[in-house]
Amino acid sequence: MNNTSASLSQTRARVGSAERGARDVAQGQHTWLVPLGRAGYATAGIVYLIVGALAAQAALGTGGDTTGTGGALGHIVDAPFGRVLLGIVAIGLAGYAIWRVLQALLDTEHKGDKPKGLFARAGFGVAAVVYAGLALSAAGMALGRSTTPDQEGQTQDRTAWLMSQPFGPWLVTLVGLLVISAGVAQFVQAYRASFAQKLREGEMSQKERQLVNLAGRLGYIARGVVFGLTGVFLVVAGVQARPDQARGLGGVLATLADQPFGPWLLGLVAVGLAAYGAYMLIAARYRQMVLS
């Protein structure tokens, strides 16, 4: 028990030191970090809109694709002036990753330094890593140095690596349970509409507030479904010791499409993901971007 307390105290001390250093840097660079963060929210919103639109087309049987965020980049690069657009997207995604780092280090969401708060801030850090990787993929594709990332393969490779570690299947199962809990948190946000508290609602019209409430609720419900199923697949992979059972966003959407009433299920989640993209675009303008 004493060792646990000492370890937690050391973790808090490290977090506090990192927070102070990051705050000093952020205050000095405030003039460009906030616009970059807003651009990041807008870019992430556009990517989600593309994922949702492609999934909706697939549900309607008019083309489209059940793909994740990496697949969305492939569709962007195939558009007219695709490489230029993808270069802009790469900058925006990098901005979003940087902002997530600041959220983790500066505790801009006021999560605190207790275990629950540190877990939430670690989640921001994980999101930063994911979007930084997506930004690098976008940059590589824009420069013609890489192709569309195989996110399903990457997900299974990372799962296989984790499974190869001591107690690997247990670790994969634990990660799956954590992802499921993150999915539950998305449903809670949808129910409480707590996402709206992070926006400057006083500057929004009544129609904009109604739109953001609807888009946010639908978006967080869809994310709850995706996170929950992703976690379930990880738990199955851990229990069966089969990393090939792991699924990313694209794999989850494809699985939904293969179920009874699959087009309906896929269509509903597609609408939610597109709605989340719309919410992110609104958040890009009205979100409280605080560095203090």
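The values are calculated or read from the model by the stated rules, or taken from the named source; none is laboratory data. The model shown is predicted, which means the values in this text are computed figures rather than measured ones. Cβ placement follows ideal geometry from the backbone for every residue including glycine, while neighbour counts extend to all protein chains displayed. For accessibility, only protein heavy atoms count, side chains too; no ligands or nucleic acids. Shrake-Rupley method; radii C 1.70, N 1.55, O 1.52, S 1.80 Å.
Side notes on the structure shown:
Residue by residue, here is whether (1) closer than 23 Å to V271 by Cα; (2) touching a residue at least 60 places away in the same chain (Cβ under 8 Å) holds:
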site: F124; (1), (2): no, no
site: S137; (1), (2): no, yes
site: T159; (1), (2): no, yes
site: F167; (1), (2): no, no
site: L178; (1), (2): no, no
site: R200; (1), (2): no, yes
site: L218; (1), (2): yes, no
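- Scanning segment 112-129 for residues that are surrounded by 15 or more Cβ atoms within 10 Å (Cβ to Cβ), touching a Lys or Arg at 6+ places or on another chain (Cβ under 9 Å) and either in a loop (DSSP other than H, G, I, E, B) or polar (S, T, N, Q) (or both) turns up at least one hit.
- Test: residue in segment 48-66 that is of a type in the set (S, T, Y), under 15 Å from the mean Cα position of the chain (by Cα), part of a helix (DSSP H, G or I) and modelled with pLDDT under 95: no
- Selection count where residues are at pLDDT 90 or above and either open to solvent by less than 10 Å² (accessible area, probe 1.4 Å) or not in a helix (DSSP H, G or I) (or both), scope segment 98-108: 1
- Segment 186-210 - residue that is part of a helix (DSSP H, G or I) and open to solvent by less than 50 Å² (accessible area, probe 1.4 Å) and, of those, farthest from T230 (Cα to Cα): A196
- Some residue of segment 143-163 being open to solvent by 30 Å² or more (accessible area, probe 1.4 Å), of a type in the set (A, V, I, L, M), in a loop (DSSP other than H, G, I, E, B) and modelled with pLDDT of 90 or more: yes
- For the residues G74, G82, G68, G61, the requirement of being of a type in the set (G, A, S) and surrounded by 23 or more Cβ atoms within 10 Å (Cβ to Cβ) singles out G68.
- Meets criteria (under 18 Å from T255 (Cα atoms), of a type in the set (D, E, K, R), in a helix (DSSP H, G or I) and modelled with pLDDT of 95 or more) for R217: no
- Hey, Y276 among the hydroxyl-bearing types (S, T, Y), open to solvent by 10 Å² or more (accessible area, probe 1.4 Å) and touching a helix residue (DSSP H, G or I) at 6+ places or on another chain (Cβ under 6 Å) or not: no
- Number of the condition not met by R223 [criteria: (1) part of a helix (DSSP H, G or I); (2) open to solvent by 40 Å² or more (accessible area, probe 1.4 Å); (3) out of contact with any Leu (no Cβ under 7 Å at 6 or more places or on another chain)]: (2)
- Residue tally, condition of a type in the set (K, R) and in contact (Cβ under 8 Å) with a residue 12 or more places away in the chain, over segment 231-281: 1
- Residues being outside any helix (DSSP H, G or I) and buried (at least 23 other Cβ atoms within 10 Å of the Cβ) - total across segment 226-252: 3
- Residues of segment 85-97 that turn out to be open to solvent by less than 60 Å² (accessible area, probe 1.4 Å) and either over 21 Å from L49 (Cα atoms) or among the β-branched types (V, I, T) (or both), as a count: 1
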